[in-house]
Amino acid sequence: MFKIVRAPLIGAALALSWAGALHAQDPLEISILAPNAIGDVGWDHEIYRGKEVLEKRFGDKVKVAVVDSVGEGPNATRAMNRLVANGTDVLILGGFGHMSDGLTLAKRSPDLKVLHIGGYQNLPNFATFTVRHYQASYLCGMAAGYATQNGQLGVVAAFPLPEVLGILNAYVLGAQSVNPDLKPVKVVWLNAWYDPPRDRAAAESLISQGSDVVYSLFPGTPSAVATAEEKGVYAVTTLSDNSAHAPTKHLCAGQADFGVVYGNVVQSVFDENFEGKDTFAGVTEGAMQVAGLSKDLTDEQRAAIMAKQEEMRAGTFEPFTGPVTNNTGSEAIAAEKVLSSAEIKSMDFLVDGIDAQLNK
Amino acid sequence: MTDTIIFILAGAFATATPLLLAAIGEAVVEKTGVMNLSVEGMMAFAAAVAFGVTHQTGDIVLGFGLAVLASTALSLVFSVLVLGFSANQIVSGLAVGILGLGLSGLAGRHFENLTMIGPGNQSVPVLSDIPLLGPILFQQSVITYLAFAAAFLTWWFLGRTRQGRILKVVGEDPAIAHNLGFAVVRIRLFAIIFGAVMSGIAGAYASTILTPGWSDGLIAGRGWIAVALVVFGTWRPLRIAFGAYLFGALLLGDLAVQAMGFRIPSQIMTSLPYVMTIVVLAAVSRNALLIRLNAPVSLGQNYRPSK
């Protein structure tokens with residue numbers, strides 16, 4: 001039985017691969033894996049938006065597919081193996097948990113090129129990238145410093161991880177740079193990437209204790225932003241412009257653009273100079289910018305924020321420039337020193353003016 | 001400080017509401033000897049339907065209505081398996097639960113990450129103006145009042161009415177109940193549907209009032225907490241209500257204490273509700289008599305009346 005079926009199948013496969021070889025300008029097959037369902041804002045939305053950027057930039061030369069809601073476990077592994085077996089040339093992995101199986105797959109298929117968002121391990125055909133969220137966070141911090149009436153800022157943050165600490169610190173430095181009268185910033189750690197009811201409760205709790213600007217730092221959902229709108233305080237957020245969830249109270253968002261990085265990597269595949277390296281892309285590369293600035297900010301305030309963004313783009317300003325003191329009173333960044341990318345990625349302190357502590 | 005205490009004590013009612021509704025429903029189901037582990041899936045499906053309908057039509061009552069129909073439809077699948085084909089209750093419950101989670105993702109696909117403004121809370125006239133007690137007790141959502149009323153009604157029904165005692169007999173020994181002339185399968189079916197209605201209201205409340213928004217995974221284990229609360233409360237409605245409130249307060253206390261800036265490591269605070277669950281479960285389990293007196297004897301066992 002098997003023999004009868006197998007022979008034509010092998011024949012068909014051979015014929016197909018032969019046809020493939022003849023077709024020189026077959027589109028490059030790109031597959032993108034998103035861990036969760038695609039919403040209209042947030043992590044998976046941004047992963048998905050990159051697809052449109054690729055299609056616009058490369059047109060018929062690429063064929064992009066997105067597989068969403070695969071999680072970060074065995075389902076994701078099955079999906080990525082399947083995609084590669086079906087002829088994917090470039091695989092973009094959107095979940096941190098896709099790392100180890102992605103690495104295994106890359107080792108097994110030397111022709112495959114993998115781009116992993118947020119990871120830290122590389123192979124010659126396995127590249128990684130992270131976005132400099134902290135840059136836009138500094139700019140949104142300026143907006144918060146301008147907008148607060150009582151000087152009390154509140155932050156709902158996911159996990160106390162280095163990347164999150166960097167974003168939080170930049171926010172507070174930005175706010176302090178325009179407002180000398182800030183009260184110590186309150187932080188609620190959710191210790192979860194995803195828990196909408198607690199997101200909301202955390203925002204409510206900060207608001208009930210006087211915060212008039214709430215920063216939703218890496219939320220799984222827009223619930224903290226929607227809560228701020230409901231309670232009449234300003235909302236700041238990461239990843240996507242959340243204006244739709246807070247039509248009157250959206251103060252500022254750090255808008256990420258993964259598509260730029262996808263595009264550069266795909267271009268390198270076409271140019272045959274793909275490198276398994278790590279990219280830390282920010283305002284300069286066009287991978288990060290402020291979005292959804294509130295109309296309540298004055299023209300001068302908005303101009304000051306945009307001017308700062310231009311300084312970042314030109315490379316003349318970096319948020320983490322010393323001297324910076326940490327919130328236990330010792331020196332975190334020496335005077336004149338600018339933190340390197342590696343130091344930013346391994347941040348382990350909170351700046352002065354944050355009412356929270358880290359356990360080490 | 002007072003604001004924070006009010007925030008925790010009042011907020012705990014809201015946080016406890018979906019847990020309590022689903023747990024009361026599950027307690028009644030288990031009292032008839034049926035263990036329905038699809039609570040999480042029923043809540044999720046109901047939540048997705050409720051949000052979608054309310055978001056599209058603006059009619060929250062319709063949203064709740066269709067959500068209840070959705071969870072009931074799931075429970076009928078469970079009933080056919082368990083009551084009709086005498087399939088294993090645990091496995092059937094898990095399977096239907098997974099089906100419900102999948103359906104919730106499907107039903108909520110177009111509403112992923114959307115939010116809306118919830119209906120807000122209802123203040124009871126006069127009473128809500130009492131200092132301290134007013135904001136804690138009398139400025140809650142209608143569903144919160146309903147949930148605690150349901151706990152009292154269930155307590156009264158199970159302990160004080162003839163029908164309640166019949167229901168318990170079915171859970172203790174379905175064969176005897178059958179010989180006494182009670183329709184075991186029909187009573188179990190009604191209980192399962194009641195449980196589904198409660199899970200449906202719980203899910204709809206979670207996506208339209210507690211956190212007015214939908215994203216896949218919104219229920220985030222609350223259905224399982226409800227199942228655990230039934231054991232936690234040793235199948236007694238008022239204890240379950242207390243447990244749900246305690247859990248709600250601990251979940252919120254974590255966030256409020258952090259916001260106040262107390263220097264307690266946040267990870268310890270976040271794990272507190274779960275640590276408390278283990279401690280209380282251990283304490284409850286020490287009293288073997290309490291469990292033996294309250295746990296339905298035939299829990300998990302199918303019964304097919306022989307003609």
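Side notes on the structure shown:
- Yes/no for A:Ala228 being part of a helix (DSSP H, G or I), closer than 21 Å to B:Thr208 by Cα and touching a Phe, Trp or Tyr at 6+ places or on another chain (Cβ under 7 Å): yes
- Every condition in (1) touching a Ser or Thr at 6+ places or on another chain (Cβ under 7 Å); (2) at negative phi holds for A:Ala144 except the one numbered (1).
- Criterion applied to B:Ala249, B:Ala244 was being of a type outside the set (Phe, Trp, Tyr) and under 21 Å from B:Ala295 (Cα atoms), and the one residue passing it is B:Ala244.
- Pairs, first touching a residue at least 60 places away in the same chain (Cβ under 8 Å) in the range A:312-340, second in a strand (DSSP E or B) and surrounded by fewer than 17 Cβ atoms within 10 Å (Cβ to Cβ), C-beta under 8 Å, six or more apart: A:Phe320/A:Val338; A:Val324/A:Glu331
- Selected residue (criterion: surrounded by the most Cβ atoms within 10 Å (Cβ to Cβ)) from residues of the range A:195-239 that are among the hydroxyl-bearing types (Ser, Thr, Tyr) and more than 9 Å from every other protein chain (Cβ to nearest Cβ): A:Tyr215
- Against the list (1) out of contact with any Gly (no Cβ under 7 Å at 6 or more places or on another chain); (2) assigned to a helix (DSSP H, G or I); (3) in contact (Cβ under 8 Å) with a residue 40 or more places away in the chain, the condition A:Pro197 fails is (3).
- Qualifying residue in the range B:190-202 (condition: closer than 19 Å to B:Ile24 by Cα, within 14 Å of another protein chain (Cβ to nearest Cβ) and assigned to a loop (DSSP other than H, G, I, E, B)): no
- Residue list for the range B:115-135, filter: among the hydrophobic types (A, V, I, L, M, F, W, C) and within 12 Å of chain A (Cβ to nearest Cβ): B:Met116, B:Ile117
- The range A:336-360, subset small (Gly, Ala, Ser) and over 22 Å from the mean Cα position of the chain (by Cα), residue nearest to the other protein chains (Cβ to nearest Cβ): A:Ala356
- The listed residues are A:Leu123, A:Leu165, A:Leu139, and the only one of them that is more than 14 Å from chain B (Cβ to nearest Cβ), under 27 Å from A:Ala291 (Cβ atoms) and either touching a residue at least 40 places away in the same chain (Cβ under 8 Å) or among the hydroxyl-bearing types (Ser, Thr, Tyr) (or both) turns out to be A:Leu139.
Any read-out appearing in this document is the output of simple, stated calculations on the displayed coordinates, not a laboratory observation. Every value quoted in this text rests on a predicted model; they were computed, and no experiment measured them. Because the Cβ atoms are built from the backbone with ideal geometry, glycine has one as well, and the counts that use them run over all protein chains shown.
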